[in-house]
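S.K.: Below is one structure. I have some questions about it.
The values are calculated or read from the model by the stated rules, or taken from the named source; none is laboratory data. On a predicted model such as this, the values are computed, not experimentally measured, just so you know. Quick reminder, even Gly has a Cβ in these numbers, built from the backbone with ideal geometry, and neighbours come from all protein chains shown.
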Amino acid sequence: MNTVFQRTSVLKNCSTHYCPGCGHGIAHRLLAEVVDELNIQDRTIGIAPVGCAVLAYNYLDVDMIEVAHGRAPAVATGMKRTNPDKIIFSYQGDGDLAAIGTAEIIHAAHRAERITVIFINNAVFGMTGGQMAPTTMLGQITATTQQGRNPSNGQGYPLQVSEILALLPGTVYVERCALSGVPGIKRTKAAMKHAFGLQMDDAPGLSLVEILSPCPTYWRMSPAKAMKWIEEEMCKAFPIARLKG
Amino acid sequence: MSERILMCGNEALAEAAIVAGCDAYFGYPITPQNEITAYMSERMPQEGRVFVQSESELAAINMVFGAAATGKRAMTSSSSPGISLMQEGISYLAGAELPAVVVNVMRGGPGLGNIAPSQGDYFQATRGGGHGDYCTIVLGPASVQELADCMPLAFDLADQYRMTVMVLADGILGQMMEPVTLDPKPRRELPPKPWALTGMKDRKQNIVRSLYLADGALEELNNRFMAKYRQIQDNEVLCEQYRIEDAEIIIVAYGIVARIARAAVDQAREEGIRAGMIRPITLWPFPSEQIGSAADTFRMFLAVEMSCGQMVEDVRLAVAGKCPVLLHGRPGGGVPTAEEVLEKIRQLTIPAGAA
């Protein structure tokens with residue numbers, strides 16, 4: 001009998017703490033498959049963010065570190081510069097990367113650090129209870145924008161970090177994907193694989209994959225509706241695109 | 001390098017760190033320690049090691065965090081305002097039990113303060129500094145030679161105890177030039193680093209973290225830290241005792257202030273005043289036992305510091321009410337002179353009218 005599917009060994013055989021319909025589970029699985037298929041488990045070091053994915057090391061079976069909120073690209077810099085033979089990735093949410101860690105991601109990219117960043121954009125702070133993120137959509141109701149995000153109220157606009165990073169000469173690859181549906185999931189995996197591949201080839205800069213990911217709990221929707229919302233709403237502010245490389 | 005050379009404190013500590021096997025330096029410019037960053041930018045690449053000028057002190061300490069987690073010897077340096085920014089990372093280093101060396105060439109504060117020498121960061125350095133229950137080992141050198149000698153000791157202590165060691169200097173020590181000899185000989189047997197993140201080749205996953213959510217887990221971790229800290233207090237105290245055998249007044253001073261106080265002690269002795277000095281070299285752990293046992297015999301303690309009264313609190317705790325403890329403090333970049341310390345000694349020891 002042919003084996004047509006098996007669990008990747010890089011993903012631990014345990015249940016996660018994520019909410020039903022959360023995108024982190026899919027993203028973890030894709031990441032684990034990529035590390036497995038590229039055969040880099042024994043030289044990969046991952047960086048978990050502060051946010052819902054802080055416990056990513058409980059699910060991903062690679063050496064991992066948990067760092068202060070937003071500082072992952074600086075930690076990755078310290079690791080990669082002293083260990084150029086290792087594959088270093090950070091896994092960061094939109095609060096982590098696009099709010100508190102803006103300086104760190106911009107400057108890691110600006111220095112052309114040879115690291116890979118997996119950027120989960122779910123348009124909301126998840127772990128702290130669904131507050132506005134820089135990536136929250138206009139009109140989106142969150143715990144801190146209860147009338148819907150409104151720039152006239154000083155709440156700003158959705159921040160397109162990937163577009164900013166793609167402008168910098170220090171990035172070698174920036175792509176935005178979405179977990180809404182099988183084609184998007186396949187594209188996300190291919191993008192991750194490409195990003196890691198670039199680092200394995202010692203490409204001279206930072207590779208980043210932004211992933212539009214559902215948060216049904218704080219979007220106050222069913223998981224199925226959340227997937228639709230990514231395609232119908234999020235993609236307007238965050239178009240799916242290979243932005244660089 | 002074993003010849004005697006003339007160097008400023010900042011460059012001497014930088015070269016001493018290289019001799020001590022520092023694999024990586026991460027830093028952000030701030031006065032009065034800019035010579036360290038400039039020196040490292042040139043010398044570290046020459047040695048095939050890592051230098052990164054970070055975008056902030058926040059980033060610098062987190063780069064140290066990353067390099068240290070892979071088992072490398074990593075350091076950063078800054079001055080007071082920059083060290084405040086690093087406190088987040090120093091707390092995480094403590095929680096994650098990572099070795100790191102941080103040099104603080106103190107300047108006047110609070111706020112942007114000034115760029116004159118100060119000891120105003122004593123509380124911040126010796127009380128942990130960031131959030132949570134933790135300590136860092138703090139070394140307070142008093143000469144360029146001792147500053148250089150602190151570096152291998154700092155790396156060794158950091159590796160042995162898996163914690164941050166802070167070298168607490170000041171603007172004078174960083175800037176002034178003195179002859180120095182750099183000693184490359186290994187000093188301690190150090191434990192291996194099986195916890196380091198190196199990729200899980202031939203072993204199970206390593207995780208470096210400071211989050212402990214399970215009921216009681218964090219309390220257990222903190223209790224283990226406290227046991228480690230007690231061990232350090234028992235074994236790693238360094239201090240110098242100077243002319244204290246028969247002293248009626250004992251100055252307690254550290255760092256550059258101890259150099260000034262020493263001159264005042266010698267002058268007082270020439271005037272027939274029985275003065276002495278205890279100079280803490282480790283500020284945490286503080287030489288409480290040495291000061292406490294001196295207080296069993298002697299009459300008076302005078303803490304002299306370039307701050308409004310920070311170290312004096314540790315002296316009072318050590319003396320525990322057995323003798324009076326007084327303070328001569330100069331904050332905000334003020335540097336006490338030997339003459340003013342001597343005058344204070346005279347006031348305290350010569351009975352009214354006798355002079």
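S.K.: Please verify whether A:Leu159 is outside any loop (DSSP other than H, G, I, E, B) and within 26 Å of A:Tyr218 (Cα to Cα), treating the condition exactly as stated. It would help to see each step written out before you state the result.
M.R.: On the way: outside any loop (DSSP other than H, G, I, E, B): no; within 26 Å of A:Tyr218 (Cα to Cα): yes.
No, not satisfied.
S.K.: Still on this structure, please answer the following. Please indicate, with yes or no, whether at least one residue in region B:141-154 is within 15 Å of B:Gly255 (Cα to Cα), in a strand (DSSP E or B) and either touching a Gly at 6+ places or on another chain (Cβ under 9 Å) or not assigned by TED's automatic domain parsing to the domain that holds B:Ala12 (or both).
M.R.: No.
S.K.: Right, next: What tally of residues in region B:56-110 results from selecting those that are surrounded by 24 or more Cβ atoms within 10 Å (Cβ to Cβ), of a type in the set (Ser, Thr, Tyr) and facing chain A (nearest Cβ under 8 Å)?
M.R.: Result for region B:56-110: 2.
S.K.: Moving to a separate point now. For B:Asn10, indicate whether it is part of a helix (DSSP H, G or I) and in contact with a Lys or Arg (Cβ under 6 Å, 6 or more places away or on another chain). Break it down into steps so the answer makes sense when it comes.
M.R.: Working: part of a helix (DSSP H, G or I): yes; in contact with a Lys or Arg (Cβ under 6 Å, 6 or more places away or on another chain): no.
Against the criterion (part of a helix (DSSP H, G or I) and in contact with a Lys or Arg (Cβ under 6 Å, 6 or more places away or on another chain)), B:Asn10 does not qualify.
S.K.: Here's something else I'd like to know. Would region B:168-184 turn up any residue that is under 30 Å from A:Asp85 (Cβ atoms), hydrophobic (A, V, I, L, M, F, W, C) and more than 14 Å from chain A (Cβ to nearest Cβ)? Steps first, answer last, please.
M.R.: So the first thing to find is which residues in region B:168-184 are under 30 Å from A:Asp85 (Cβ atoms), and the list is B:184.
This time we only want the ones that are hydrophobic (A, V, I, L, M, F, W, C), so: none.
For region B:168-184, residues under 30 Å from A:Asp85 (Cβ atoms), hydrophobic (A, V, I, L, M, F, W, C) and more than 14 Å from chain A (Cβ to nearest Cβ): absent.
S.K.: Let me ask something else about it. Residue by residue through region B:205-248, note down the ones that are in contact (Cβ under 8 Å) with a residue 60 or more places away in the chain and among the hydroxyl-bearing types (Ser, Thr, Tyr).
M.R.: B:Ser210, B:Tyr229
S.K.: Does region B:301-316 contain any residue that is more than 19 Å from B:Ala338 (Cβ to Cβ), out of contact with any Leu (no Cβ under 6 Å at 6 or more places or on another chain) and outside any helix (DSSP H, G or I)?
M.R.: Kept after step one, since they are more than 19 Å from B:Ala338 (Cβ to Cβ), are these residues of region B:301-316: B:308-310, B:312-316.
Remaining after also requiring out of contact with any Leu (no Cβ under 6 Å at 6 or more places or on another chain): B:308, B:310, B:313-316.
Retained after the next criterion (residues that are outside any helix (DSSP H, G or I)): B:308, B:310.
The answer is yes; a qualifying residue exists.
S.K.: Return the residue satisfying two criteria in turn: it lies in region B:309-332 and is of a type outside the set (D, E, K, R) and within 18 Å of the chain's Cα centre (by Cα), and of such residues it is surrounded by the fewest Cβ atoms within 10 Å (Cβ to Cβ). Before the answer, list the steps.
M.R.: From region B:309-332, those of a type outside the set (D, E, K, R) are B:309-312, B:315, B:317-321, B:323-329, B:331-332; that's our starting set.
Those left that are additionally within 18 Å of the chain's Cα centre (by Cα): B:309-312, B:315.
Values: B:Gly309: 15, B:Gln310: 23, B:Met311: 27, B:Val312: 22, B:Val315: 27.
My answer is B:Gly309.
S.K.: With the requirement that a residue be among the charged types (D, E, K, R), assigned to a helix (DSSP H, G or I) and within 22 Å of B:Arg274 (Cα to Cα), what does region B:206-259 give you?
M.R.: B:Arg259
S.K.: Let me ask something else. Between residues in region B:185-198 that are in contact (Cβ under 8 Å) with a residue 40 or more places away in the chain and residues that are in a loop (DSSP other than H, G, I, E, B) and of a type in the set (Ser, Thr, Tyr), which pairs lie under 8 Å by C-beta distance while being six or more apart or on different chains?
M.R.: B:Ala196/B:Thr70; B:Leu197/B:Thr70; B:Thr198/B:Thr70
S.K.: Additional query: Just give me the residues in region B:201-256 being surrounded by 16 or more Cβ atoms within 10 Å (Cβ to Cβ), out of contact with any strand residue (DSSP E or B) (no Cβ under 8 Å at 6 or more places or on another chain) and either hydroxyl-bearing (Ser, Thr, Tyr) or at pLDDT below 95 (or both), in sequence order.
M.R.: Of everything in region B:201-256, just one residue is surrounded by 16 or more Cβ atoms within 10 Å (Cβ to Cβ), out of contact with any strand residue (DSSP E or B) (no Cβ under 8 Å at 6 or more places or on another chain) and either hydroxyl-bearing (Ser, Thr, Tyr) or at pLDDT below 95 (or both), namely B:Tyr229.
S.K.: Those residues that are in contact with an Asp or Glu (Cβ under 9 Å, 6 or more places away or on another chain) and more than 8 Å from every other protein chain (Cβ to nearest Cβ), I need them from region A:56-71; list them, please.
M.R.: Answer for region A:56-71, where residues must be in contact with an Asp or Glu (Cβ under 9 Å, 6 or more places away or on another chain) and more than 8 Å from every other protein chain (Cβ to nearest Cβ): A:Ala56, A:His69, A:Gly70.
S.K.: Here is a follow-up. For region A:222-236, name all the residues that are out of contact with any helix residue (DSSP H, G or I) (no Cβ under 6 Å at 6 or more places or on another chain) and either under 17 Å from A:Ser90 (Cβ atoms) or aliphatic (A, V, I, L, M) (or both).
M.R.: A:Ala224, A:Met227, A:Ile230, A:Met234
S.K.: Of all residues in region A:13-25, count the ones that are buried (at least 16 other Cβ atoms within 10 Å of the Cβ) and on the phi < 0 side of the Ramachandran plot.
M.R.: Step one: filter region A:13-25 for residues buried (at least 16 other Cβ atoms within 10 Å of the Cβ), giving A:16, A:18-19, A:21-25.
When the remaining residues are screened for being on the phi < 0 side of the Ramachandran plot, the result is A:16, A:18-19, A:22-25.
Final tally of qualifying residues: 7.
S.K.: Going by the structure shown, is A:Phe196 surrounded by 19 or more Cβ atoms within 10 Å (Cβ to Cβ) and assigned to a helix (DSSP H, G or I)? Explain how you work it out, then say what you get.
M.R.: Numbers: surrounded by 19 or more Cβ atoms within 10 Å (Cβ to Cβ): yes; assigned to a helix (DSSP H, G or I): yes.
So A:Phe196 passes the test.
S.K.: Just the residues that are within 13 Å of A:Leu97 (Cβ to Cβ) and in a strand (DSSP E or B), please, taken from region A:122-137.
M.R.: Selection gives A:Phe125 alone.
S.K.: Looking only at region B:32-53, count how many residues are more than 7 Å from chain A (Cβ to nearest Cβ), surrounded by 22 or more Cβ atoms within 10 Å (Cβ to Cβ) and either within 20 Å of A:Ile45 (Cα to Cα) or among the polar types (S, T, N, Q) (or both).
M.R.: Residues meeting the conditions: 2.
S.K.: Hey, another quick one. Out of the residues in region A:76-104 that are facing another protein chain (nearest Cβ under 7 Å) and within 24 Å of A:Val124 (Cβ to Cβ), state the one that is surrounded by the most Cβ atoms within 10 Å (Cβ to Cβ).
M.R.: Within region A:76-104, the subset facing another protein chain (nearest Cβ under 7 Å) is A:76-79, A:81-83, A:86, A:103-104.
Imposing the further condition that a residue be within 24 Å of A:Val124 (Cβ to Cβ) reduces the set to A:103-104.
Numbers: A:Ala103: 17, A:Glu104: 30.
Residue satisfying both the conditions and the ranking: A:Glu104.
S.K.: So, in region A:36-51, how many residues would count as being in contact with a strand residue (DSSP E or B) (Cβ under 9 Å, 6 or more places away or on another chain) and more than 11 Å from every other protein chain (Cβ to nearest Cβ)?
M.R.: Number of matching residues: 4.
S.K.: Still on this structure: Which residues, counting only those in region B:1-19, are of a type in the set (Gly, Ala, Ser) and either under 15 Å from B:Asn104 (Cβ atoms) or buried (at least 24 other Cβ atoms within 10 Å of the Cβ) (or both)?
M.R.: B:Gly9, B:Ala12, B:Ala14, B:Ala16, B:Ala17
S.K.: Report yes if A:Ser222 is farther than 21 Å from A:Val34 by Cα, of a type in the set (S, T, N, Q) and in contact (Cβ under 8 Å) with a residue 12 or more places away in the chain, otherwise no.
M.R.: Yes: the conditions hold for A:Ser222.
S.K.: Same structure again: Here is a check on your reading of the model: is A:Gly25 free of Cβ contacts under 8 Å to residues at least 60 places away in the same chain and within 15 Å of the chain's Cα centre (by Cα)? Show your work before the answer.
M.R.: Working: free of Cβ contacts under 8 Å to residues at least 60 places away in the same chain: yes; within 15 Å of the chain's Cα centre (by Cα): yes.
Here the answer is yes, as A:Gly25 does meet what is asked.
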